[in-house]
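Notes to accompany the following structure.
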């Protein structure tokens, strides 16, 4: 198969930029080809940093990290110049993390694999993983996947304190049947695809990422960010989601008998979501979660689901959100607190809604100073401080 060795990732000047990471001076292993990469990972000792030179790494098979305190990163810091490609791999997954903790992966691109890009084998006790400033491109099931954990030692080995930050998830087109032979008309109809899909997460941070075009064959894909199965105390903030079938999903309507709730104690704040036809932000079997100061825009949403609340959502707070399009969709009988949400088409007031830029271009009386101050929201999507009388939505426009 002929493979394009360059990529042109989507970029807009207002997208979040990752702070640079210093290169360690000790325990550094430099690699410049695939054989050296496999040797370095297979023989790494704790505390090693594997530094990849700029180049195209055509993977023959799955690469598995099994060493504590290991860092795998692009040397130059230019993530689009270090490309790990799975087009000709004999396996359906690219990079796995198994039986280890404190692994960091940064400053590189993974692309072209039919199943999972970064596979966290969390059933083997994987903790404290950071994925930073990476590009996840044309991954046809999940860009980041954390797997089901069997009962037994679940509480001890659930994945804790992981981070996905400053990454770009994008696909060139909708998923088709040819991309993933396992996703057939008989099961998911070509819609078994998402950005991040994690189970039993505890204290994760998913922040400052961009998701573009994560779409199923019939535009019914899973979430750009999808968290479920007894996950708790995670923060989802300052993400930009454009033209993905589902934006942020806290749970879904499938719940195993051993799963009392999908998400508890979550904070979803300061996110932009543009044109998510299935769900902009979904809460489905949650407890004591907060959906606060987000901006969701899709006046023509086909199902009327910019914010959708389904099944049990006890203690849910939905506050200070801009819902630019259909009103909040309530399919839950739980006691939910709604405070100062603006449900109004603001297309003409956004900087560039067609391209997902939902910053406000001027002060609007309905927005400025109309939010309820919340201790969880001290900054906006650009990390600008909120005043004592803050604005509704993810962007603090001020006067």
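The values are calculated or read from the model by the stated rules, or taken from the named source; none is laboratory data. Remember, predicted model here, so these are calculated numbers, not experimental data. Neighbour counts are summed over all protein chains in view; Cβ atoms, including those assigned to glycine, are modelled from backbone coordinates with ideal geometry.
Results, tabulated for the structure shown:
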item: Odd one out for residue 210, checked against (1) within 14 Å of the chain's Cα centre (by Cα); (2) closer than 25 Å to residue 304 by Cβ; result: (2)
item: Filtered residues of segment 33-54 (kept if crowded, with 17+ Cβ neighbours inside 10 Å, over 26 Å from the mean Cα position of the chain (by Cα) and more than 19 Å from residue 99 (Cα to Cα)); result: 34, 37
item: Residue tally, condition touching a strand residue (DSSP E or B) at 6+ places or on another chain (Cβ under 8 Å) and not in a strand (DSSP E or B), over segment 65-90; result: 13
item: Selection count where residues are more than 20 Å from residue 372 (Cα to Cα) and buried (at least 24 other Cβ atoms within 10 Å of the Cβ), scope segment 286-296; result: 1
item: All positions within segment 292-313 that are in contact (Cβ under 8 Å) with a residue 40 or more places away in the chain and under 30 Å from residue 158 (Cα atoms); result: 292, 293, 294, 310, 311, 312
item: Evaluation of residue 330 against (1) touching a residue at least 12 places away in the same chain (Cβ under 8 Å); (2) out of contact with any helix residue (DSSP H, G or I) (no Cβ under 7 Å at 6 or more places or on another chain); (3) not in a strand (DSSP E or B) (one fails), failing number; result: (3)
item: Single unsatisfied condition, residue 35 versus (1) in contact with a strand residue (DSSP E or B) (Cβ under 9 Å, 6 or more places away or on another chain); (2) under 15 Å from residue 59 (Cβ atoms); (3) free of Cβ contacts under 8 Å to residues at least 60 places away in the same chain; result: (1)
item: Within segment 303-325, considering residues that are part of a loop (DSSP other than H, G, I, E, B) and surrounded by fewer than 20 Cβ atoms within 10 Å (Cβ to Cβ), the one farthest from the chain's Cα centre (by Cα); result: 315
item: Flag for residue 93 being within 28 Å of residue 123 (Cβ to Cβ), crowded, with 16+ Cβ neighbours inside 10 Å and touching a residue at least 24 places away in the same chain (Cβ under 8 Å); result: yes
item: Top-ranked residue in segment 340-376 [being in contact (Cβ under 8 Å) with a residue 60 or more places away in the chain and assigned to a loop (DSSP other than H, G, I, E, B); ranked as surrounded by the most Cβ atoms within 10 Å (Cβ to Cβ)]; result: 371
item: Identity of the residue in segment 15-30, loosely packed, with under 10 Cβ neighbours inside 10 Å and more than 28 Å from the chain's Cα centre (by Cα), that ends up modelled with the highest pLDDT; result: 26
item: Matching option when the condition is farther than 30 Å from residue 149 by Cβ, touching a strand residue (DSSP E or B) at 6+ places or on another chain (Cβ under 9 Å) and buried (at least 17 other Cβ atoms within 10 Å of the Cβ), among 57, 62; result: 57
item: Yes/no for residue 57 being within 18 Å of residue 39 (Cα to Cα), touching a helix residue (DSSP H, G or I) at 6+ places or on another chain (Cβ under 6 Å) and at pLDDT 95 or above; result: yes
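Listed here are the residues, each with its yes/no results for (1) more than 19 Å from residue 227 (Cβ to Cβ); (2) modelled with pLDDT under 95; (3) within 18 Å of the chain's Cα centre (by Cα).
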{"position": "99", "(1), (2), (3)": "yes, no, no"}
{"position": "105", "(1), (2), (3)": "yes, no, yes"}
{"position": "122", "(1), (2), (3)": "no, no, yes"}
{"position": "126", "(1), (2), (3)": "no, no, no"}
{"position": "144", "(1), (2), (3)": "no, no, yes"}
{"position": "155", "(1), (2), (3)": "no, yes, no"}
{"position": "165", "(1), (2), (3)": "no, no, yes"}
